[in-house]
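Here's the structure we're looking at; comments come further down.
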Amino acid sequence: LSRGQFDRHLRRMRPIYRSRRDALLRALAQHLPGLEPDGIAAGLHLVTWLPPDLDETAVIAAAARDGVAVAGVTPHRLSPAPRGGLIFGYSNLSERAIEDGIARLARAVSSLRDGLT
C-alpha cells in the first residue's frame, strides 16, 4: 500500500470493471428486460429485481441446471421482500462470458415461464 501499487491496480481495473458492468446491463436489457437493475454504478456486483411472476429460488435452480451461477437476494435481507431478486457478480468474467451467461439465464427463465402456462 505504501508504494502505491494498490492505487495503480484500482486505476487499471476501474475501466475494466465498468466495461463488464455495462456488458451485463446490455445483455440484461436484450435478453431479460423484465429484470429491474438497482443500485449505483460501482462495485463488482449488480442487483436486479425479478418480476412478480418469477420465484427467486426457481430461477436460481433453473439457472444452475443451465450452468449459470447466480445468487439470490433473500439470504442477504433482514426482512422479507415483496419480490425476489438476483445478485450478479462480474469481476472475473469476460464480456463474452457475461453475454453467454445472460443468454443461458434467459433460456432458463423462458423454460420456467413455459411451465407456468
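The values are calculated or read from the model by the stated rules, or taken from the named source; none is laboratory data. Note that this is a predicted model, so its numbers are computed, not measured. Neighbour counts are summed over all protein chains in view; Cβ atoms, including those assigned to glycine, are modelled from backbone coordinates with ideal geometry. Just so you know, the surface numbers come from the protein's heavy atoms only, side chains and all, with ligands and any DNA or RNA stripped out. Shrake-Rupley method; radii C 1.70, N 1.55, O 1.52, S 1.80 Å.
Rounded to the nearest 500, what is the 222 nm mean residue ellipticity of the chain from helices alone, with -39500 (n - 2.57) per DSSP H run of 4+ residues and division by all residues?
Helix-only estimate at 222 nm: -17500 deg cm²/dmol.
Given the chain, report the % of alpha carbon pairs whose separation exceeds 22 Å.
Numbers: 2453 of 6786 pairs.
In whole percent, the share of Cα-Cα pairs in the chain beyond 22 Å is 36.
Using Cα-Cα distances under 8 Å and only pairs 6 or more residues apart, what relative contact order does the chain have, in percent? Computed over the chain, the figure is 30 percent. For the Cα atoms of the chain, what angle does the longest principal axis make with the long axis of helix 95-116, in degrees from 0 to 90, nearest 10? Compared with the principal axis, the helix lies near 20 degrees.
Roughly how many Å² is the accessible area per residue of the chain, as a whole number, for a 1.4 Å probe?
Working: 7400 Å² over 117 residues.
Computed with neighbouring chains in place, this is 63 Å² per residue.
Which angle between 0 and 90 degrees, to the nearest 10, do you get for helix 56-65 versus the longest principal axis of the chain when only C-alpha atoms count? Tilt relative to the chain: about 80 degrees.
Put the Cα centre of region 84-117 next to the Cα centre of region 9-76 and the gap is 8 Å. In this structure, Ala61 and Leu93 have a Cβ-Cβ separation that, at R0 = 25 Å, corresponds to a calculated FRET efficiency of about 0.75.
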